[in-house]
1. Of ILE15, GLY27, ILE45, which is farthest along the charge dipole of the stretch 1-51 in the positive direction, counting Lys and Arg as +1 and Asp and Glu as -1 at C-beta?
2. Give the peptides 134-142, 83-91 in descending order of average Cβ contacts within 10 Å, highest first.
3. Which residues' amide hydrogens lie under 5 Å from the amide hydrogen of VAL49, considering only partners 5 or more residues apart or on another chain, with H built in the peptide plane?
4. Binning at 10 Å from 0, report for the stretch 143-202 what percent of all alpha-carbon pair distances ends up in each bin.
5. Tell me, what is the per residue accessible area of the chain in Å², probe radius 1.4 Å?
6. With Kirkwood's inverse mean 1/r over C-alpha pairs for Rh, give me the Rg to Rh ratio of the chain, two decimals please.
7. Over the alpha-carbon set of the stretch 86-191, work out the extent along each principal axis and list the three values in angstrom, largest first.
8. Probe radius 1.4 Å, ligands and nucleic acids ignored: give me the carbon and sulfur share of the accessible area of the stretch 1-155 as a rounded percent.
Amino acid sequence: MKPRARDGVILLMAILAIVGAFLHGDGRWLHWLAKPTTTLLIAAIVWRVHDPTQPFYRRAVLAGMLLSCVGDIALMLPMDAFVPGLVAFLLAHLCYIVAFRDGLRAGRGLLAASVLLATFAVLNVLGLWPHLPAPMRIPVLAYVVVLASMAVLALARQWRSPQPDAVEARSARWAAAGALLFVASDSLLAWDRFAGGLPLASLLVLSTYYAAQYAIARSVEQKMGTQGIKP
């Protein structure tokens, strides 16, 4: 499938997942079907990339996306499976950390990204803290630390000096965009769940979530180059 057609299918499934989230009763099947399917279609972008000289980044990102799909399913189950979903996404972010850490060295980019994301994480946690049930405080805090660490590494890859070659720079830009969108999506999800709800929460959370996963998948595609795409 050509990239434009592939992206069209992903966009259509994402829209169906978002529309299904607003339906009730029998209409919920649309959400249950389209939500994990969209994540798997995005993961297929990574699956189709093949470069035996650079398999590590691809494998780590693919593992993160498959764990994300597990989290998708947990969060939409009829029973409350928020904690298992949280654990699945935490493990997914650990996979992304492993991918983004590969080849990164300390420098001003890493320091700047750390300060920026640490400030955001602290402010976010301080705002949410009074709304968090006592049993959820430690799990949420651990998740925020892992999420922020993932975003720090992604931004540091883009801001590192000296600048990488053009292919690596494109990959870093996609990864950084995906990481920041993931921070936005998870922050919106937390505020919606614990702080009384947000207007159009499903639209905001899912649109930023799928954009995040898509951007991270494209970082793999850019990193490996078009010659590494399976026909």
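The values are calculated or read from the model by the stated rules, or taken from the named source; none is laboratory data. Worth saying up front: this structure is predicted, and the values here are computed from it rather than measured. Quick reminder, even Gly has a Cβ in these numbers, built from the backbone with ideal geometry, and neighbours come from all protein chains shown. Accessible surface is based on the protein model in full, side chains and every heavy atom, while ligands, DNA and RNA are left aside. Shrake-Rupley method; radii C 1.70, N 1.55, O 1.52, S 1.80 Å.
1. In the stretch 1-51, that residue is ILE45.
2. Packing proxy ranking, top to bottom: 83-91, 134-142.
3. Under 5 Å from the amide H of VAL49 lie the amide H atoms of LYS230, each far enough along the sequence or on another chain.
4. 22, 38, 25, 12, 3
5. 50 Å²
6. 0.97
7. 47, 25, 20
8. Roughly 75 percent of what the probe reaches on the stretch 1-155 is carbon or sulfur.
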